[in-house]
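Visitor: Handing you a structure now.
The values are calculated or read from the model by the stated rules, or taken from the named source; none is laboratory data. Note that the structure is a prediction, hence the values are computed from the model and not measured. Counting neighbours? That spans all protein chains shown, and the Cβs are built from the backbone with ideal geometry, glycine included.
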Amino acid sequence: MSIRVVPGEISAKDTTTRTVIPTAAQPRWPPFERVAERIASSGHRFPPHHHAGVEVLTYVVEGSGSYEFGPGPPDALVAGSTHLLTAPEPVAHAIRLEKGQTIRWFALVATLPPRSPTPLRLQSARAVVSGVRDDVTHVQPIIGAGTPIASAVGMEAEVVEFHGSGASFRKLGHDRVAVGYALSGRGAVDNEAVDGGEAALVEGAAGVALHGRPGFRVILVSAPRRI
């Protein structure tokens with residue numbers, strides 16, 4: 001098992017994006033080709049752009065806006081909204097903001113398995129107050145088991161929020177890799193300290209123990225290891 005903490009980098013050319021992958025320190029982490037956190041306002045829009053051969057996860061951390069894809073009407077975005085775009089062929093999507101709106105979201109791009117017949121589709125789920133709550137954490141699955149969203153890459157994703165001090169063991173799998181991105185607060189993944197804006201890259205682990213106190217919030221995404 002290996003766990004490595006990597007910081008998010010903010011480019012001088014784009015101060016609205018904090019990137020974990022790709023960076024000079026972490027150019028790739030298959031199947032994840034991009035992991036980042038973004039902020040946009042009505043004065044700094046996120047224009048239409050294309051993807052192909054990938055799945056794109058968009059999870060809204062806070063704020064509101066609209067998700068645009070295809071000819072249909074825009075889909076409202078609020079805190080906790082999840083969208084998973086499966087794009088085997090070139091397709092565009094965008095986030096649109098009305099005057100006065102701001103939005104902060106987590107974005108992850110993962111490559112689709114080669115030569116896999118995967119249809120183009122967009123799946124989404126609104127924020128819900130559910131998941132599993134105990135004395136220490138509230139765990140909200142957002143992709144995979146317990147959700148209406150299934151990943152062609154095989155991703156599983158959940159948001160773990162601490163409202164008490166302690167630990168929460170999260171199951172992964174020896175044949176999987178994972179990214180645990182700290183959305184806020186400070187805690188640890190096993191014995192590796194993680195601050196907000198940093199990510200723990202995990203490989204070859206049956207699971208990991210997240211340690212934290214109130215305010216620590218992590219999005220944990222895993223997928224089958226790709227060579």
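Visitor: Under 16 Å from G196 (Cα atoms), touching an Asp or Glu at 6+ places or on another chain (Cβ under 6 Å) and either in a loop (DSSP other than H, G, I, E, B) or of a type outside the set (F, W, Y) (or both): does that describe V35? Write out each step before concluding.
Guide: Numbers: under 16 Å from G196 (Cα atoms): yes; touching an Asp or Glu at 6+ places or on another chain (Cβ under 6 Å): no; either in a loop (DSSP other than H, G, I, E, B) or of a type outside the set (F, W, Y) (or both): yes.
Criteria not met by V35.
Visitor: Sticking with this structure for a sec: Just the residues that are loosely packed, with under 14 Cβ neighbours inside 10 Å, closer than 14 Å to H83 by Cβ and at pLDDT below 90, please, taken from region 114-159.
Guide: R126
Visitor: Tell me, yes or no, whether region 168-190 has at least one residue that is part of a loop (DSSP other than H, G, I, E, B), among the aliphatic types (A, V, I, L, M) and farther than 20 Å from G8 by Cα.
Guide: Among the residues of region 168-190, not one is part of a loop (DSSP other than H, G, I, E, B), among the aliphatic types (A, V, I, L, M) and farther than 20 Å from G8 by Cα, which makes the answer no.
Visitor: I've got another one for you. Could you figure out which of (1) over 17 Å from the mean Cα position of the chain (by Cα); (2) loosely packed, with under 14 Cβ neighbours inside 10 Å isn't true of G207?
Guide: (2)
Visitor: Moving to a separate point now. Every residue in region 70-83 that is modelled with pLDDT under 90 and surrounded by 15 or more Cβ atoms within 10 Å (Cβ to Cβ), please.
Guide: Residues satisfying the conditions do not exist here.
Visitor: Collect the residues in region 89-118 that are touching a strand residue (DSSP E or B) at 6+ places or on another chain (Cβ under 7 Å) and not aliphatic (A, V, I, L, M), keeping them in residue-number order. If you could, list the steps in order and put the result at the bottom.
Guide: First pass over region 89-118, keeping only residues touching a strand residue (DSSP E or B) at 6+ places or on another chain (Cβ under 7 Å): 90-97, 101-112, 118.
Within region 89-118, P90, H93, R96, Q101, T102, R104, W105, F106, T111, T118 qualify.
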